[in-house]
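Everything on this sheet refers to the single structure shown next.
Values in this text are rule-based calculations from the coordinates and carry no lab data. Everything numeric in this text was worked out from a predicted model, so none of it was measured. Note that each Cβ is placed from the backbone with ideal geometry, even for glycine, and that neighbours are counted across all protein chains shown.
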Amino acid sequence: MGKTIAEKIFAAHLRDTPTPENVILDIDVVMCHEITTPIAITDLEARGMDRVFDTTKIKAVIDHVTPAKDSKTATQGKIIRDWARRHKIADFFDIGANGVCHALFPEKGFIRPGYTVIMGDSHTCTHGAFGAFAAGVGTTDLEVGILKGVCSFRTPETMRITISGGLQDGVSAKDVILFIIKELTVNGATDKVMEFVGPVVESMSMEARMTLCNMAIEAGATCGICLPDRVTAKYLWPFIKDQYESIDVAVQDFAQWHSDPDAEYVKEMTLDVSKLVPQVTFGYKPDEVKSVTEMDGTPVDQVYIGSCTNGRIEDLRSAARILKGKKIAANVRGILSPATPKVYAQALEEGLIAIFMEAGFCVTNPTCGACLGMSNGVLAEGEICASTTNRNFNGRMGKGGIVHLMSPLTAAATAVQGHITDPRNLL
Amino acid sequence: MKEFGGNALFLDRNDINTDEIIPAKYLTENTKMALQSFILEDLKLGGFDPRKDIEGKGVIITRANFGCGSSREHAVWVFEVNDINVVIAESFARIFRQNMYNCGMLAIELPKKDIETLFGLGEAVKIGVDLAGCTITAQGSKKVVIPFKLNEFDKKLVEAGGWLAYADKNY
């Protein structure tokens, strides 16, 4: 019987099989941020086990609240900063070099096809875009990852999602994944890997694939995963050029991870996206999704463009396409958080930041901040936000606030009109 | 090993997420105990008052997909520091379930019909858990005994007092 990509990665990293249902894997990259790591660090210290399994395999960043907003967040930053220095973790990113973890770490070339990746953050599934098995974990899993370089998982089952057709102008990866979550529901993929294949995925950039995989967790999935190909190899080329003679050779090598033709899937879903229209959430669950036309006219108070879902350069470009030469509505506050310093610098160079600012957006430094109601754009009771983020849970962006998830294009169109708007009307 | 059992708190809703269990704004706390009073603060459930309803409870009984969303282990710790070491649900989100066992706590999955039985026992229900025999005893308007399945590895984690202790010994 053939293997899926996830099964191949599991087989290549198998440390132990404590029961037929459970496996212990060796982990290639353990990623840490300042919200879920400090308690792991202080616990290890208290146990007299303040060690790390491999300083080169640990990556750390301060991204959720940066710069610190108060004494408590300053302390969290200090704990992870002191720890990174103490253990000489070279890949630690602090103010001036920091950005949203799931945008920053791929940009640095840390994620490679066939890798196993964990982080104390549920959107770690983003990195499956590179053909890696990447899973969000809790602080104890992270702690064991830091100490031992292993993590436990149940034997993976994979759901294959084949996406065909062609996306209309104004429709993006965000709309595709929102539609898939609506179809699967918030626990439709629990304990499963979502493998995204088909011509639409093959033609997507790495940025779009990351958006797709980022929200796999919103259907309950352990990981979203794409098959690594030429697009992957080109993105990674600056980091792998010493390792491979040519991009062709890298592409060939990456193919070892591709699922076998006779691999078994627990579920198959096929989707023709030719007629898909922009999607928007309502309510308090990411599977509560309607077409933009059904949501058209819903008033908003704030528009937020950023996050690990949609804060990358392509996202800024597509929003700027709509915003160019326009002003946002008087009733709306616009906030842009480029996800990383590189995205910010590139957006400056391309004139995108000027477009956002002339339209009336506030541009913040790279941070997760507003997405989870921590800082830089928290909602007041009863306020409504059109957001390119990933969760519309009750209270997510501020107690009593309401979040509508959408693509950067739809968010930009909404900012201009002051209410939820179909971006196709403004292109 | 922790003690399992106590008075039941019924949360009659599917898809209760970890933002509702412990809002992100409290994730800046650097001790588990500091989370104690914020338990279930943003839970969207008619008539639920976390300050009153948590009092004296040791077990949560709920519906499908409990603990979905964020990976925050704070959602497990906030139960632990309120002496709630067992959650019984129709199903769990993967990370929450793993976090429970990693902390040596129990996330017990029961078929829908058994969850219905528990919800049908009235408001005052006391739950006993027999880990060796894998049964739950619920004493409410009547007494029922319900068997449950426990993954062997999860059981080892509970017996070891959590994943860190188990991993340190074995890897």
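Panel order for B:His74, A:His404, by other beta carbons found within 10 Å of each beta carbon, from fewest to most: A:His404, B:His74.
Please give the contour-minus-distance gain from A:Leu427 to A:Thr55: 0.36 nm per residue of separation, less the Cα-Cα distance, rounded to one decimal in nm. Numbers along the way, then the final one.
Numbers: separation 372, 0.36 × 372 = 133.92 nm, distance 4.79 nm.
Once the chain is fully extended between A:Leu427 and A:Thr55, it gains 129.1 nm.
Computed from the Cβ-Cβ distance with R0 of 35 Å, the FRET efficiency linking A:Ala46 to B:Leu45 stands at 0.45.
Taking every C-alpha pair closer than 8 Å and separated by at least 6 residues, the mean separation divided by the residue count of region A:280-425 gives a relative contact order of 34 percent.
Quote the FRET efficiency, to the nearest 0.05, computed for A:Leu348 versus A:Arg81 with a Förster distance R0 of 35 Å and r equal to the Cβ-Cβ distance. Write down the numbers at each step before the final one.
Details: r = 27 Å, r/R0 = 0.77.
Once rounded, the FRET efficiency stands at 0.80.
The calculated FRET efficiency for the pair B:Thr135 and B:Lys113, based on their C-beta separation and a Förster distance of 22 Å, comes to about 0.85. Partners of B:Lys149 within straight-line reach, counting lysines whose Cα lies under 23 Å from its Cα and excluding those fewer than 8 residues away in the same chain: A:Lys192, B:Lys2, B:Lys112, B:Lys113, B:Lys126. Inter-chain neighbour count for B:18-25: the average number of beta-carbon atoms from partner chains within 10 Å of each residue's beta-carbon is 6.
In the structure shown, the pairs B:Lys25/B:Lys155; A:Lys3/A:Lys275; A:Lys108/A:Lys342; A:Lys290/B:Lys25; A:Lys69/A:Lys399 are assessed against 21 Å; a Cα-Cα span above that value is assigned to B:Lys25/B:Lys155; A:Lys3/A:Lys275; A:Lys290/B:Lys25. Restricting attention to chain B, close to 50% of DSSP beta bridges with both partner residues there are antiparallel. Per-residue shielding of B:113-120, expressed as the average number of other chain Cβ atoms within 10 Å of the residue Cβ, stands at 0. When only alpha carbons of region B:5-170 are considered, Rg and Dmax amount to 15.1, 47 Å. In chain A, excluding the sites themselves, the longest stretch lacking any of the GluC sites (Glu not before Pro) that are in a DSSP loop with at most 15 other Cβ atoms within 10 Å is A:22-244. The ellipsoid that matches the Cα gyration tensor of region A:5-270 has semi-axes, each √(5λ) in whole angstrom, of 30, 20, 19, with the longest given first.
Estimated purely from DSSP H runs of n ≥ 4, each contributing -39500 (n - 2.57), the mean residue ellipticity at 222 nm for the protein assembly as shown is -8500 deg cm²/dmol once divided by its residues.
Label-to-label distance, B:Lys142 versus B:Ala124, with points set 7 angstrom from Cα along the beta-carbon direction: 1.9 nm.
Report, in cubic angstrom per residue, the convex hull volume of the C-alpha atoms of region A:280-425.
It is 86 Å³ per residue.
Per residue of peptide A:133-139, the mean number of Cβ atoms on other chains within 10 Å of the residue Cβ is 6.
Based on alpha-carbon atoms only, what is the radius of gyration of the protein assembly as shown relative to the globular estimate 2.2 N^0.38 Å?
Working: Rg = 23.0 Å, N = 598, 2.2 N^0.38 = 25.0 Å.
Cα-based Rg divided by the globular estimate yields 0.92.
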